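A.B. asks: Structure provided below as structure tokens; questions to follow.
The values are calculated or read from the model by the stated rules, or taken from the named source; none is laboratory data. Computed from a predicted structure; not experimentally measured. Quick reminder, even Gly has a Cβ in these numbers, built from the backbone with ideal geometry, and neighbours come from all protein chains shown.
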Amino acid sequence: MALRMWASSTANALRISRSTNNSQLSLTRCFSSVLDGLKYATSHEWVKHEGDVATIGITDHAQDHLGELVFVELPEIGATITKGGPFGAVESVKATSDVNSPISGEVVEVNSSLSDSPGSINTSPYAEGWMIKLKPSSPTELNSLMNPAEYTKFCEDEDAAH
């Protein structure tokens with residue numbers, strides 16, 4: 001009984017269902033985590049703005065689609081970053097992708113531990129996997145980013161289209 005309950009709850013969590021003719025299984029990916037208190041870009045980066053500093057990384061949704069990350073390229077401290085422009089890159093076993101900045105500013109810190117542990121982005125994209133910290137040059141740019149509910153809907157719509 002306990003095994004059947006576990007299997008049922010696991011199937012629900014994974015969104016596994018049987019088709020009506022009971023001969024096929026259908027699997028859809030569970031939605032990735034989206035955190036309150038962050039702002040999100042359509043290019044799948046997140047921003048946490050605290051005081052004079054904005055921390056930026058890629059979202060759980062992005063890392064899930066990229067797969068296992070094996071290399072991270074980050075800018076130098078002092079670099080000027082422009083909203084929408086690339087500030088670095090991530091390389092996974094699948095592909096290399098630019099990482100774009102959701103806001104403009106000056107880089108005040110980089111997560112140098114990602115050089116040795118790029119997989120931190122996979123396991124902890126919102127904590128240990130942060131990428132850069134900026135001093136925003138135009139904090140009002142944050143107003144153009146999505147809140148968690150908007151980003152969740154954006155990702156659901158994007159996944160449904162693929």
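A.B. asks: So, in segment 27-48, of the ones that are outside any loop (DSSP other than H, G, I, E, B) and either aliphatic (A, V, I, L, M) or surrounded by fewer than 15 Cβ atoms within 10 Å (Cβ to Cβ) (or both), which residue ends up modelled with the lowest pLDDT?
C.D. replies: Applying the first criterion (outside any loop (DSSP other than H, G, I, E, B)) to segment 27-48 yields 27, 39-40, 45-48.
If we keep only those that are either aliphatic (A, V, I, L, M) or surrounded by fewer than 15 Cβ atoms within 10 Å (Cβ to Cβ) (or both) too, we end up with 27, 47.
Numbers: Leu27: 34, Val47: 98.
Per the stated criteria, the residue is Leu27.
A.B. asks: Need pairs with beta-carbon distance below 6 Å; first residue in contact (Cβ under 8 Å) with a residue 24 or more places away in the chain and within segment 144-162, second of a type outside the set (Lys, Arg) and assigned to a helix (DSSP H, G or I); sequence gap 6+ or separate chains.
C.D. replies: Filtered contacts from segment 144-162: Cys155/His61.
A.B. asks: If you go through segment 103-119, how many residues are closer than 13 Å to Trp130 by Cβ and in a loop (DSSP other than H, G, I, E, B)?
C.D. replies: Taking segment 103-119 first, the residues closer than 13 Å to Trp130 by Cβ are 107-114, 117-118.
Narrowing further to those that are in a loop (DSSP other than H, G, I, E, B): 111, 117-118.
Count: 3.
A.B. asks: So Ala2 fits all but one of (1) exposed (fewer than 14 other Cβ atoms within 10 Å of the Cβ); (2) modelled with pLDDT under 90; (3) touching a strand residue (DSSP E or B) at 6+ places or on another chain (Cβ under 7 Å); what number is the exception?
C.D. replies: Going through the list (1) exposed (fewer than 14 other Cβ atoms within 10 Å of the Cβ); (2) modelled with pLDDT under 90; (3) touching a strand residue (DSSP E or B) at 6+ places or on another chain (Cβ under 7 Å), Ala2 breaks only (3).
A.B. asks: For the condition in the same structural domain as Glu76 (by TED's automatic domain parsing) and polar (S, T, N, Q), what is the one hit in Asn122, Asn147? If you could, list the steps in order and put the result at the bottom.
C.D. replies: Values: Asn147 fails: in the same structural domain as Glu76 (by TED's automatic domain parsing).
The unique qualifying residue is Asn122.
A.B. asks: Search segment 67-89 for residues being in contact with a helix residue (DSSP H, G or I) (Cβ under 8 Å, 6 or more places away or on another chain) and outside any loop (DSSP other than H, G, I, E, B), and hand back the single one that is farthest from Val99 (Cα to Cα).
C.D. replies: Applying the filter and picking the extreme gives Leu69.
A.B. asks: Scan segment 136-162 for residues that are crowded, with 16+ Cβ neighbours inside 10 Å and either not in a loop (DSSP other than H, G, I, E, B) or not aliphatic (A, V, I, L, M) (or both) and jot them down. Before you say what the answer is, go through the steps one by one.
C.D. replies: Step one: filter segment 136-162 for residues crowded, with 16+ Cβ neighbours inside 10 Å, giving 136, 141, 145-146, 148, 151-152, 154-155.
Pro136, Glu141, Met146, Pro148, Tyr151, Thr152, Phe154, Cys155, listed by residue number.
A.B. asks: Scan Val93, Val72 and give me the residue that is of a type in the set (Val, Ile, Thr) and at pLDDT 95 or above. Before you say what the answer is, go through the steps one by one.
C.D. replies: Numbers: Val93 fails: at pLDDT 95 or above.
Just a single option satisfies the conditions, and that option is Val72.
A.B. asks: I'm trying to understand the selection: among the residues of segment 49-104, which are out of contact with any Phe, Trp or Tyr (no Cβ under 6 Å at 6 or more places or on another chain), touching a residue at least 60 places away in the same chain (Cβ under 8 Å), buried (at least 19 other Cβ atoms within 10 Å of the Cβ) and of a type in the set (Val, Ile, Thr)?
C.D. replies: Ile56, Ile58
A.B. asks: Being in contact with a helix residue (DSSP H, G or I) (Cβ under 7 Å, 6 or more places away or on another chain) and farther than 20 Å from Glu50 by Cβ is the filter here; which residues of segment 122-162 pass it?
C.D. replies: Result: Asn122, Cys155.
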